[in-house]
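Remarks on the structure that follows.
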Amino acid sequence: MRVLILGVNGFIGNALTRRILTTTDWQVFGLDVGSDRIEEFLGEKRFRFLEGDIAINREWIEYHVKKCDVVLPLVAIATPATYVKNPLAVFELDFEENLRIVKMAARYGKRVVFPSTSEVYGMCPDAAFDEDASPLVYGPIRKERWIYSASKQLLDRVIWAMGNANGLRFTLFRPFNWYGPHLDDVDAPKEGSSRVLTQFLHNILYGVPIKLVDGGRQRRCFTYIEDGIDGLMKILVNENGCADGQIFNLGNPAADLSIRELAERLVAAVGTYEKFAPLARAATLVEVSAAEYYGANYQDITTRVPSVRKAKECLGWTPTTDFATGLAKTLDFYLSGRLRPEV
Ligand code: UGA
C-alpha cells in the first residue's frame with residue numbers, strides 16, 4: 001500500500017510513519033514544513049519526504065494523491081490558544097487547505113482517512129460521546145474557540161456528503177487528547193504553544209507555576225499515542241471494508257482525569273527522576289481564570305469521554321495503555337538523557 005501523509009512530522013504523523021515502516025511493507029510519502037521528528041527515516045527506501053507547505057507545494061501533492069492508495073491530511077493548527085488568537089488562520093489551514101486535499105482525493109478516487117477531533121462534540125451533555133448519536137454543541141460566535149471544532153465538523157460533514165454523493169471512500173477518526181513522545185516541544189517558551197501535558201512539564205522544568213485554568217476541574221481522557229496508532233492501523237488495514245464510511249472515537253475512557261489530577265500525577269511522576277526531583281518538589285499550582293489565561297473568547301469543555309463501543313465492534317480496537325504506563329513512557333522520552341535546565 002502507498003500512504004500519503006501530509007503533516008508527516010507532526011505528533012500523529014511521525015508516530016504513524018514509524019509504525020508503518022517498522023511493521024509493514026507499505027510505502028510512505030510525506031510532506032511537512034519540518035523534519036526533526038522523522039530524521040531517522042530520511043534514508044529509508046520506503047519513505048519519501050518533501051520539506052514543503054500544503055498551501056504552496058500543490059503540484060507535488062496532486063502528483064502524490066494520484067500515486068497513492070490512501071491520503072491522510074494531518075496538517076492542522078491544534079492548540080486552543082491559537083483558536084482564540086488567530087481564528088482565521090485556523091479556518092484557512094484546518095478547513096480550506098484540507099478541503100482542497102479532500103476534493104482532490106475524491107477527484108482521483110482515492111481513500112481519505114481524516115482526523116476529525118474530540119472537540120467536535122463541544123459541550124455535548126452525554127456521559128459518553130457516541131459517533132452516530134451524540135449532539136455537537138457549541139457556544140456563541142464571539143467565543144472564537146469554537147472555530148476549530150466548527151471547521152473540523154463542517155469538513156466531517158462535507159466528507160460524509162461526498163461519500164454519499166460521489167462515492168468517496170473515507171474514514172473519520174476522532175483522537176481524544178492523545179499524548180506521548182514527540183507531543184510538543186517542552187522547551188518552547190511561549191505559554192499556550194503546547195497542549196496541557198507538555199505545557200505542565202515545561203512549567204515544572206523551568207520553575208514556572210503550573211496554571212490551572214478555572215481551578216483545573218475540567219476533565220479529559222488522556223490516550224496514549226501507541227493505542228491511537230493501533231486504531232489508526234486497523235483503519236488503514238480496513239479488513240473487509242470495516243472502516244469504510246465510518247466515524248471512530250479513538251480515546252481511552254479509563255484515563256479520565258481532571259486537569260488538576262493531571263498536574264498532581266505529573267509532578268509526582270517527575271519527582272521519581274532523581275535529577276528532576278528538586279524541580280518537582282519546587283513545583284507550584286496556581287488557579288487562573290480562563291479569561292486571564294486565554295482571553296475573553298475562550299470557552300471550555302468540562303467533560304469529554306468517548307464511547308469506544310463502535311471502534312471495538314467494527315475494528316476490534318480497545319485502548320490498552322493505562323495512564324501511569326503511558327505517562328512513564330512519555331517522561332522517559334522527555335527526561336532521560338536531558339540535562340537539568342538552568343532555572
Ligand atoms: C485539544 C486540542 O484542541 C487539540 O489538540 C485536539 O483536537 C483535542 O483537544 C484533543 O486532543 O482531543 P484541549 O483538550 O482543550 O483541546 O487542549 P489542551 O490545550 O491540552 O487543554 C486541556 C485542558 O487543560 C483545558 O481545559 C485547558 O484549559 C487546561 N489547561 C491548559 C490548563 O489548565 N493550563 C494550561 O497551562 C494549559
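A compact table of results
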| read-out | value |
| --- | --- |
| Residues of region 186-197 classified as open to solvent by 20 Å² or more (accessible area, probe 1.4 Å), within 17 Å of S336 (Cβ to Cβ) and touching a Ser or Thr at 6+ places or on another chain (Cβ under 8 Å), total | 0 |
| Some residue of region 3-12 being in contact with a Lys or Arg (Cβ under 8 Å, 6 or more places away or on another chain) and surrounded by fewer than 19 Cβ atoms within 10 Å (Cβ to Cβ) | no |
| Of residues in region 137-159 being part of a loop (DSSP other than H, G, I, E, B) and within 16 Å of the ligand (Cβ to nearest atom), the one nearest to the chain's Cα centre (by Cα) | R145 |
| Top-ranked residue in region 174-209 [being assigned to a strand (DSSP E or B) and either of a type in the set (D, E, K, R) or within 7 Å of the ligand (Cβ to nearest atom) (or both); ranked as nearest to V288 (Cα to Cα)] | W178 |
| Index of the failed condition, K103 passing every other in (1) at pLDDT below 95; (2) within 30 Å of T24 (Cα to Cα) | (1) |
| Unique match (being touching a residue at least 60 places away in the same chain (Cβ under 8 Å) and either under 22 Å from V196 (Cα atoms) or in a loop (DSSP other than H, G, I, E, B) (or both)) among A89, A106, A81 | A81 |
| Whichever residue in region 13-66 is crowded, with 19+ Cβ neighbours inside 10 Å and among the basic types (K, R) and, among such residues, is farthest from P115 (Cα to Cα) | R37 |
| Test: residue in region 210-219 that is closer than 24 Å to G122 by Cα, under 19 Å from the mean Cα position of the chain (by Cα) and either more than 10 Å from the ligand (Cβ to nearest atom) or open to solvent by 10 Å² or more (accessible area, probe 1.4 Å) (or both) | yes |
| Hey, N252 at pLDDT 95 or above and within 21 Å of P306 (Cβ to Cβ) or not | yes |
| Qualifying position, being more than 13 Å from the ligand (Cβ to nearest atom), more than 16 Å from I61 (Cα to Cα) and open to solvent by less than 30 Å² (accessible area, probe 1.4 Å), among F91, F95 | F95 |
| So R58, is it under 21 Å from W178 (Cβ atoms), of a type outside the set (S, T, Y), more than 16 Å from the ligand (Cβ to nearest atom) and modelled with pLDDT of 95 or more | no |
| Hey, A243 away from the ligand (no atom under 16 Å from the Cβ), outside any helix (DSSP H, G or I), modelled with pLDDT of 95 or more and buried (at least 18 other Cβ atoms within 10 Å of the Cβ) or not | yes |
| Filtered residue count, region 222-240, keeping only those that are without any contact (Cβ under 8 Å) to a residue 60 or more places away in the chain and either open to solvent by less than 10 Å² (accessible area, probe 1.4 Å) or acidic (D, E) (or both) | 1 |
| Pairs with Cβ under 8 Å, 6+ apart, first in region 110-126 and in a helix (DSSP H, G or I), second basic (K, R) | S118/R174; S118/R304; E119/K152; V120/K152; V120/R174; Y121/R304 |
| Of all residues in region 114-136 being surrounded by 15 or more Cβ atoms within 10 Å (Cβ to Cβ) and among the aliphatic types (A, V, I, L, M), the one that is nearest to the chain's Cα centre (by Cα) | V120 |
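The values are calculated or read from the model by the stated rules, or taken from the named source; none is laboratory data. Nothing here was measured: the structure is a model prediction, and the numbers come from that model. For neighbour counting, all protein chains shown are included, and Cβ atoms are generated from backbone atoms with ideal geometry for every residue, glycine included. Accessible surface areas use protein heavy atoms only, side chains included; no ligands, DNA or RNA. Shrake-Rupley method; radii C 1.70, N 1.55, O 1.52, S 1.80 Å.
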